[in-house]
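Visitor: If you scroll down you'll find the structure; I have some questions about it.
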Amino acid sequence: MLLTLHISKIEPGNYRVIVLDGREELDQWGAPNIGAAIRQCSQAEMPDLSGFHIWYEHVCVGTTTMSNMRIDPEGIAQRLMALHGAVRG
């Protein structure tokens, strides 16, 4: 199973994190940064959950496995921020 992780910046140091299954919202919380949001989400314990489609505002870094989210949340966050900066929406 793949879920969607959507991260939105509210203000510096304050991000809204939403986990979706299709259009259904499963969870929502706040995080201090993108890497922390990814790290928190990587700890999810759901049977058959293999990864997430990870979005930061209007850009998507793609489908990411749980193991990659655990190993390199900061690297994923850096790729999202670089993509976000390159594609202004």
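Visitor: Can you give me the long-range amide H partners of residue 56? Hydrogens built in the peptide plane at 1.01 Å from N, cutoff under 5 Å, separation of 5 or more residues or another chain.
Guide: 7, 61
Visitor: Report the paramagnetic label zone for residue 87: residues of segment 1-43 whose backbone N is under 15 Å from a point 7 Å from Cα along the Cα-to-Cβ axis.
Guide: Of the residues in segment 1-43, 5-7 have backbone N under 15 Å from the label point off residue 87.
Visitor: If you put +1 on each Lys and Arg Cβ and -1 on each Asp and Glu Cβ, how big is the dipole of the chain around its Cα centre, in Debye rounded to 20?
Guide: 340 debye
Visitor: Calculate how many DSSP beta bridges within the chain are antiparallel, expressed in % of all such bridges and rounded to the nearest 5.
Guide: So the antiparallel bridges amount to about 75 percent of the total.
Visitor: I would also like to ask the following. Can you send over the carbon and sulfur percentage of the accessible area for the chain, probe radius 1.4 Å, protein chains only?
Guide: Percent of accessible area from carbon and sulfur atoms in the chain: 50.
Visitor: Net charge around residue 16, counting only other residues with Cβ within less than 15 Å of its Cβ (Lys, Arg = +1; Asp, Glu = -1)?
Guide: My count for the surroundings of residue 16 gives -3.
Visitor: Give the label of the value calculated from the structure for Cα extents along the principal axes in Å, choosing from (1) 61, 33, 15; (2) 64, 19, 11; (3) 35, 23, 21.
Guide: Read-out taken from this structure: (3).
Visitor: Using the Karplus equation 6.51 cos²θ - 1.76 cosθ + 1.60 (θ = phi - 60°), what ³J(HN,Hα) coupling, rounded to whole Hz, does each residue of segment 34-39 give in order, writing x for Gly and Pro?
Guide: Values, residue by residue: 5, x, 5, 4, 5, 4 Hz.
Visitor: Right, something else. What percent do you get for the relative contact order of the chain when only Cα pairs under 8 Å and 6+ apart count?
Guide: Normalised by residue count, the contact order of the chain is 27 percent.
Visitor: Next question. What FRET efficiency do you get for residue 1 and residue 60 if R0 is 25 Å and r is their Cβ-Cβ distance, rounded to the nearest 0.05?
Guide: 0.90
Visitor: Among 44, 65, 76, whose Cα projects farthest towards the positive end of the dipole of segment 24-89, with charges put on the beta-carbon of Lys, Arg (+1) and Asp, Glu (-1)?
Guide: Comparing the listed Cα positions along the dipole, 76 ranks first.
Visitor: Could you check the spin-label model distance between residue 25 and residue 9? Points 7 Å from the Cα along Cα→Cβ, value in nm.
Guide: 2.2 nm
The values are calculated or read from the model by the stated rules, or taken from the named source; none is laboratory data. The structure presented is a predicted model; accordingly, all values stated were derived computationally and were not measured. Cβ sites come from the backbone with ideal geometry, for glycine too, and all protein chains shown count toward neighbours. What goes into the accessible areas is simple: the full protein's heavy atoms, side chains included, and nothing from ligands, DNA or RNA. Shrake-Rupley method; radii C 1.70, N 1.55, O 1.52, S 1.80 Å.
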